[in-house]
Amino acid sequence: MTLEGQFQAKIDAEVKIEPKDWMPDAYRKTLIRQIAQHAHSEIVGMLPEGNWITRAPSLRRKMVLLAKVQDEAGHGLYLYSAAETLGVEREDLIEELHEGKAKYSSIFNYPSLTWADMGAIGWLVDGAAIMNQVPLCRCSYGPYARAMVRICKEESFHQRQGFEIMLTLAQGSEAQKRMAQDALNRWWWPSLMMFGPHDKDSPHTEQSMKWHIKRLTNDELRQRFVDATAPQAAFLGLTIPDPDLKWNEEKGQYDFGAINWDEFWEVVKGNGPCNRQRLQARVKAHEAGAWVRDAAMAYAEKRSAREEVMNKQDARVA
Ligand code: BYC
């Protein structure tokens with residue numbers, strides 16, 4: 001059997017692929033692309049919510065939001081580390097992001113205008129993220145799959161904190177209800193776009209499904225998200241901004257309206273409402289954090305030099 005044949009047989013038998021195993025170049029490239037985009041999304045995704053930490057309406061809300069945003073930074077770390085097991089350097093990936101060459105999730109190009117957006121992001125954006133990421137826990141590449149287990153646990157806390165904010169606002173004053181509805185109006189369609197283009201327009205889905213990187217297609221996941229979220233909106237007493245959304249008894253799922261793909265591709269091309277602002281904020285944070293990285297590296301080098309001396313002493317004593 002060819003190396004490719006043996007590789008596919010392993011995938012079909014659900015044996016995880018580990019960093020030192022042989023893998024086709026295209027498999028490695030696909031994973032680097034997806035994991036890096038995912039890592040970038042996590043750290044760029046800190047910005048819309050980070051924008052509200054100082055304006056949270058209570059100490060409790062501030063602590064929860066702070067913890068959530070810190071979680072996203074942690075997710076970025078696990079994911080950059082998973083990407084590095086494939087033979088790339090984190091610095092290079094980050095440079096590609098800063099130069100506008102690497103993609104990150106379209107959703108983070110939209111502004112967070114009111115406190116209700118913290119609810120809508122947690123409920124819808126983290127909700128969509130969980131739908132997409134739970135199947136990634138079964139991804140064929142071991143380090144990515146293992147990173148996803150912890151990420152998904154944290155995302156589920158994020159989704160609940162967002163829903164709880166929406167519930168509080170939806171049960172509040174008329175002005176608070178309007179704020180919650182306005183946030184749903186603005187975040188609904190971009191959340192559906194997070195799942196990526198329709199399967200027929202998705203160049204990577206077919207191969208990624210064969211390699212068990214993706215377990216469900218973009219359209220399958222989007223449908224599951226709509227089916228799970230529509231009853232939650234009804235529970236909140238809010239209206240999803242889609243006149244075509246209705247339960248289809250025959251199919252046992254919701255029908256929903258057409259997505260504006262022109263808007264999606266414009267955002268993906270870097271022309272989203274906040275694209276420039278997001279990248280500027282990332283570059284600024286990276287530059288401001290240079291001394292921390294330098295200090296950490298200097299400490300690591302000093303420690304390993306000391307360990308080397310101690311190992312030599314031990315060897316002499318022995
Ligand atoms: N935005 O063939 P397709 C989070 C690109 S963060 C931008 O379907 P694939 C959170 C796609 O990259 C969670 N680009 O691709 C953080 C491809 O372009 P290239 C983010 C998109 O890879 C903070 C082209 O379109 N989640 O949860 O098979 C706060 C064709 O697409 C998008 C992940 O990253 C998009 N939405 O499927 C709160 C999950 N969609 O590379 C929350 C991991 C597509 O050929 N990623 N494109 O130039 C995935 O599951 C898959 O990569 C996707 C796309 C489903 C996103």
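Values in this text are rule-based calculations from the coordinates and carry no lab data. Just so you know, these numbers come straight off a predicted model, no measurement behind them. Here Cβ is always computed from backbone atoms with ideal geometry, including for glycine, and neighbour counts include all displayed protein chains.
Which residue fluctuates the most in the chain, going by a Gaussian network model with Cα springs under 10 Å, if the choices are GLU42, GLU308, GLU266? Highest fluctuation among the options: GLU308. Counting every C-alpha pair in the chain, the share spaced more than 33 angstrom apart comes to 32%. Taking each residue as 0.36 nm, the span from ARG293 to GLU14 lengthens on full extension beyond its C-alpha to C-alpha distance by 96.6 nm. Listed by Cβ neighbour count within 10 Å, with the fewest neighbours leading, ASP255, ASP71 appear as ASP255, ASP71. The label-point distance for THR54 and VAL283, in a model that sets each label 7 Å from Cα toward Cβ, rounds to 2.2 nm. Using the Cβ-Cβ distance between SER202 and ALA67 with R0 set to 35 Å, the FRET efficiency from 1/(1 + (r/R0)^6) comes to roughly 0.55.
Report the residue, chosen from LYS103, LYS16, LYS246, that carries the largest GNM mean-square fluctuation when the chain is represented by alpha-carbon nodes joined by springs under 10 Å. Of LYS103, LYS16, LYS246, the most mobile in the Gaussian network model is LYS246. Dipole magnitude for the chain: computed about the Cα centre from +1 point charges on Lys and Arg Cβ and -1 point charges on Asp and Glu Cβ, it is near 900 debye. What nm distance separates the two modelled labels at VAL88 and ARG178, each placed 7 Å from Cα along Cα→Cβ? Result: 4.6 nm between the two label points. 3J(HN,Hα) couplings calculated from phi for the stretch 257-274 with the Karplus curve 6.51 cos²θ - 1.76 cosθ + 1.60 (θ = phi - 60°) are, in sequence order, x, 7, 7, 7, 6, 5, 4, 4, 5, 4, 5, 4, 6, x, 9, x, x, 10 Hz; Gly and Pro show x. Taking a straight Cα-Cα cut-off under 25 Å and skipping sequence neighbours fewer than 8 places away in the same chain, the lysines within cross-link reach of LYS302 are LYS312. Of the GluC sites (Glu not before Pro) found in the stretch 196-251, those in coil by DSSP whose Cβ has at most 12 other Cβ atoms within 10 Å are GLU249, GLU250. Sparse packing (at most 13 other Cβ atoms within 10 Å of the Cβ) combined with a DSSP loop state is found for none of the trypsin sites (Lys or Arg not before Pro) in the stretch 180-211. Amide H to amide H, with H built 1.01 Å from N, GLN253 comes under 5 Å of ASN248, counting only residues 5 or more places away or on other chains. Of all complete DSSP H helices in the chain, those with a Cα span along the helix axis of 18 Å or greater and a mean Kyte-Doolittle hydropathy of -0.5 or more are 25-44, 59-84, 142-170, 218-236. Using only alpha carbons, the stretch 258-311 has a radius of gyration to Kirkwood radius ratio (Rg to Rh) of 1.44.
Computed 3J(HN,Hα) for the stretch 101-107, one whole-Hz value per residue from the Karplus formula 6.51 cos²θ - 1.76 cosθ + 1.60 where θ = phi - 60°, is 8, 9, 8, 9, 4, 3, 4, glycine and proline marked x. Rank VAL88, SER140, TYR78 by how far each Cα sits towards the positive end of the charge dipole of the stretch 69-154 (+1 on Lys, Arg Cβ; -1 on Asp, Glu Cβ) and give me just the farthest. My answer, from the dipole projection, is SER140.
Report the calculated FRET efficiency for ARG316 and ASP25 (r = Cβ-Cβ distance, R0 = 41 Å), to the nearest 0.05. Efficiency at R0 = 41 Å is approximately 0.30. GNM remark for the chain: springs join alpha carbons under 10 Å apart, and the peak mean-square fluctuation among ALA145, ALA67, ALA36 falls on ALA67. Length gained on full extension, MET1 to MET209: 72.7 nm, using 0.36 nm per residue less the C-alpha separation. Pairwise Cα separations in the stretch 196-318 fall into 10 Å bins from 0 onward with the following percentages, short to long: 10, 19, 21, 18, 13, 10, 6, 2. Shown for PHE235, PHE108: other C-beta atoms within 10 Å of each C-beta, ranked fewest to most, produce the order PHE235, PHE108.
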